[in-house]
């Protein structure tokens, strides 16, 4: 099994793909689900502090064909629990406007 500790920039939506991200980018597509798992099924993906093999996440029974690396990533995103993406409603893009407003502050007016 491949365990990847070099996170680099292979983390998306709370899921760490490790070296699998680059390998998927370099793969020839389309690729069947069976062939994908044959080649990469033992690669471990990290989410929430766990390492889980790709074959466990995607499951063995699937007639799907993947057209590109993005299709594989999207399949992984849809199969992991919602806990993998972190806190519900959380965004690192700034505060929640309703929490940032001071109830005693005068309203701003636009002219």
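In whole percent, what relative contact order does region 11-84 give with Cα contacts below 8 Å and a gap of six or more residues?
37
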Highest mean first, what order results for 52-65, 18-31, 35-48 on Cβ atoms within 10 Å?
35-48, 18-31, 52-65
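When each pair of different Cα atoms in region 11-84 is counted once in the 1/r mean, what is the Kirkwood radius in angstroms, to one decimal? It would help to have the intermediate numbers written out before the result.
Numbers: mean 1/r = 0.0819 Å⁻¹.
So the Kirkwood estimate lands at 12.2 Å.
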Any chance you could run the full-extension gain for residue 56 through residue 25? It's 0.36 nm times the residue separation minus the Cα-Cα distance, nm to one decimal.
9.1 nm
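Every read-out reported here was derived from the displayed coordinates using simple, explicitly stated rules and does not represent laboratory data. On a predicted model such as this, the values are computed, not experimentally measured, just so you know. A quick note on method: Cβ atoms are made from the backbone with ideal geometry, for glycine too, and the neighbour counts reach across all protein chains shown.
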